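A.B. asks: First, the structure itself, so that you have it in front of you.
The values are calculated or read from the model by the stated rules, or taken from the named source; none is laboratory data. Remember, it's a predicted structure, so these values are computed and weren't measured experimentally. So basically every Cβ, Gly included, is an ideal-geometry build from the backbone, and we count neighbours across all protein chains shown.
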Amino acid sequence: MSRSPKPGLSLRLNLANGGKLGPGKAALLDAIRDHGSISKAAETLSMSYPRALKLIDELNGDFASPVITSSHGGASRGGSALTPTGEQVLQLYIEARDAADTATTAMQDKLKRLQSPK
């Protein structure tokens, strides 16, 4: 089954330190928050576990404090969660994306009218 692209804006923020924050990393943060597990978040996003770990490593390196915290095994069976920094990073990304989408609505409508049907 082929996916058709979702109409709208896709936002990637280029951080001052060279890092990047875009829809993939934001979706991963959101899924970890929802599922409490990196593996479940990766599965939900059809992303490999090693890829998810790489993105988390990048994110944790991009900010002054980690965005994800994880505990391993034991009686509580481990898990992962967003740190307060992670919650704030995700919220700021969502706010920026929504503001950009709102600011470009008229342009997106004009482009939509110019598109050919596929």
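A.B. asks: Kindly provide the set of residues from the range 28-68 that are among the small types (Gly, Ala, Ser) and under 23 Å from residue 16 (Cα atoms), ordered by number.
C.D. replies: The answer is 52, 61, 64, 65.
A.B. asks: Hey, another quick one. Consider only pairs whose beta carbons are under 6 Å apart and that are at least six residues apart or on different chains; among these, list those whose first residue lies in the range 76-103 and is more than 14 Å from residue 37 (Cα to Cα) and touching a residue at least 24 places away in the same chain (Cβ under 8 Å) and whose second residue is of a type in the set (Gly, Ala, Ser) and surrounded by 14 or more Cβ atoms within 10 Å (Cβ to Cβ).
C.D. replies: The qualifying pairs are 93/26.
A.B. asks: While we're looking at this one, here's another question. For residue 44, work out the one condition from (1) at pLDDT below 95; (2) farther than 22 Å from residue 88 by Cβ; (3) surrounded by 13 or more Cβ atoms within 10 Å (Cβ to Cβ) it doesn't fulfil.
C.D. replies: The single condition residue 44 does not satisfy is (1).
A.B. asks: Return only the number of the condition from (1) loosely packed, with under 13 Cβ neighbours inside 10 Å; (2) assigned to a helix (DSSP H, G or I); (3) modelled with pLDDT of 90 or more that residue 113 does not satisfy.
C.D. replies: For residue 113, the exception is condition (3).
A.B. asks: Name the single residue, out of those in the range 59-91 being of a type in the set (D, E, K, R) and surrounded by 14 or more Cβ atoms within 10 Å (Cβ to Cβ), that is farthest from residue 15 (Cα to Cα). Explain how you work it out, then say what you get.
C.D. replies: Taking the range 59-91 first, the residues of a type in the set (D, E, K, R) are 62, 77, 87.
If we keep only those that are surrounded by 14 or more Cβ atoms within 10 Å (Cβ to Cβ) too, we end up with 62, 87.
Details: 62: 8, 87: 17 Å.
Only one residue fits best here, namely 87.
A.B. asks: Could you list all residues from the range 24-61 that are closer than 18 Å to residue 96 by Cα and touching a residue at least 24 places away in the same chain (Cβ under 8 Å)?
C.D. replies: Listed by number, the residues that qualify are 24, 25, 26, 28, 29, 30, 59.
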